Each structure stands twice: as structure tokens, then as C-alpha cells.
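The values are calculated or read from the model by the stated rules, or taken from the named source; none is laboratory data. In this text, all values refer to a predicted model and were calculated from it rather than measured experimentally. Here Cβ is always computed from backbone atoms with ideal geometry, including for glycine, and neighbour counts include all displayed protein chains. With ligands, DNA and RNA removed, areas are computed over all heavy atoms of the protein, side chains included. Shrake-Rupley method; radii C 1.70, N 1.55, O 1.52, S 1.80 Å.
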Amino acid sequence: TAAVTAPLAPEILGNLRLNEPARRLFGSLRPATTPVIHFTFGSGAMLDFLRNWLHYVRRAGLEPAVAGAADAQMLAACSKEGIAALGIVEGLDVWTYERSAAAKTVVQEGAAEWKYYRHHKSSFLELGLVKAAFLWELVSLGYDVLISDLDVVWLSAGWERWMTYRVPHSPPLREAELIAMADVLVSTDELDEEYDAFGRYERWPHGAGWGRRTDLNTGVVLFRATNGSK
């Protein structure tokens, strides 16, 4: 019997443009049965980082995994290497979030003066808006999104035990029973098992509990497909 092939998703979903691997992937996905989309984001200059991110995501068995291509160069590279990737549709001005035939964005067109956008202030700001556009579109489609930076290395699975109730065979740990219901989860730069195990909002002995007064780090963020996350 011939294998059943999932239909291709449309090339355009909302304000997202899907390459061929992404069309095949999204053709097989449904928000109700997809606990999360593992997502990362970057420009063509960061392609080697994307390859490394994907290597460890696949080794850990994390799926489905999708890349957000900040510029045309990254989308073309992902298509060439068979990586499921999304781009932003032409004509979307990420500064106003309106479509216009005259819309011009240096990041999406890959026309920034610096290819590593952090070195160029306005391009780096625009890069953040492109990132927000990807997240808004995916959440609006009904998908929970676990985004991690390109320099993150996933050594194992098990993320769901800290973040969601949507995997019945792997429910949240006792310590995560409340945060697994939050609309948005953000990592911090402060890791301290002794303080975390204290189990109270006020953190002994300093009175700053459970992430209060600590530096947030958007290297790993979960957005749940809820009104609260939008």
C-alpha cells in the first residue's frame, strides 16, 4: 500500500511565507495535536549557528522544529539544505505591521550595512520586530511556540515537564505545576538550586523570590497560544 502523503500547506499563511520543507511540515500539523513548535530565528550570517542548533534539536528528538529566516539569504540557504523555514511576506512593514507595496525593510531584504545586525542599531531594532512578527503569526495560528536562540544547545528532551500539560504521558513536575499554566515563560540568568528548592515566593535570606529582581534572558521563551500571550 502506498504511504499517505500529508497535503502541502499553503505557501502563504497569514504574513508568513513557507519554503517547501515548511509547507510539508505544516501540512501535517494541527494546533490541537501539536504540543509545541520548537523555533529559532536568525539571519544568513548565522547559518552555521542554525546548523548547530538543528543538530542538537534533532539529536534530542525535539520536533517539530522550524527556523525563522530574518532575511532572504537565510531563507534561500534553508531551502537549499532542506530545512523547514519561514520568511515574512513581501510588503509587510514590520514597523507598522501594515502591508504596503512600498514597504521596504533592510533586514528582510538582506540590505543592511552590517550582516551581523547587532552592529547596526536601526537594523538590530528591526530584527527584533521581525522576530516578534514570527511569534505573533505562529501564536495567532494556534501554535504554542518554544523559541530558543541559535546559540542554545539542547542536550536532552524533557522540556514539557517544566512548561506544559499538553503531553499527557509526561506531566509537569510538582515544582512546575503552576508555571506550566503561564501564558509566557522566560528564562533567567540566575540558576540556584538551593534557592529554587526553598519553595517560597520570598527568597531566603534576601527577600527576592522566584525570579524577582533577577535578569530575564530571552534565550529560551515559551509563548502559549492564549490571549494572555498576545
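Before moving on, here are some points about what is shown:
- Of all residues in the range 54-73 being in a helix (DSSP H, G or I) and closer than 17 Å to A22 by Cα, the one that is most open to solvent (accessible area, probe 1.4 Å): R58
- The one condition in (1) part of a loop (DSSP other than H, G, I, E, B); (2) open to solvent by less than 20 Å² (accessible area, probe 1.4 Å); (3) of a type in the set (G, A, S) that G87 fails to fulfil: (1)
- Considering A101, A76, the condition of being of a type in the set (A, V, I, L, M), under 21 Å from E11 (Cβ atoms) and outside any helix (DSSP H, G or I) is satisfied by A101 alone.
- Any hit, the range 42-49, residues being touching a residue at least 12 places away in the same chain (Cβ under 8 Å) and touching a strand residue (DSSP E or B) at 6+ places or on another chain (Cβ under 6 Å): no
- Test: V107 is surrounded by 13 or more Cβ atoms within 10 Å (Cβ to Cβ) and modelled with pLDDT under 85: yes
- Test result for L138, modelled with pLDDT of 95 or more, assigned to a loop (DSSP other than H, G, I, E, B) and surrounded by 14 or more Cβ atoms within 10 Å (Cβ to Cβ): no
Residues are listed down the side, and each one gets a yes or a no for (1) crowded, with 20+ Cβ neighbours inside 10 Å; (2) closer than 17 Å to D71 by Cα; (3) modelled with pLDDT of 55 or more; (4) among the acidic types (D, E):
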| position | (1), (2), (3), (4) |
| --- | --- |
| Y117 | yes, yes, no, no |
| G142 | no, no, yes, no |
| S148 | yes, no, yes, no |
| L155 | no, no, yes, no |
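- Of the residues making up the range 1-27, just one is modelled with pLDDT of 95 or more and polar (S, T, N, Q), namely N19.
- All of A133, A225 fail the test of being open to solvent by less than 30 Å² (accessible area, probe 1.4 Å), within 22 Å of the chain's Cα centre (by Cα), modelled with pLDDT of 90 or more and over 22 Å from Y56 (Cβ atoms), apart from A133.
- Scanning the range 14-37 for residues that are surrounded by fewer than 22 Cβ atoms within 10 Å (Cβ to Cβ) and either in contact with a helix residue (DSSP H, G or I) (Cβ under 6 Å, 6 or more places away or on another chain) or polar (S, T, N, Q) (or both) gives G14, N15, S28, T33, T34.
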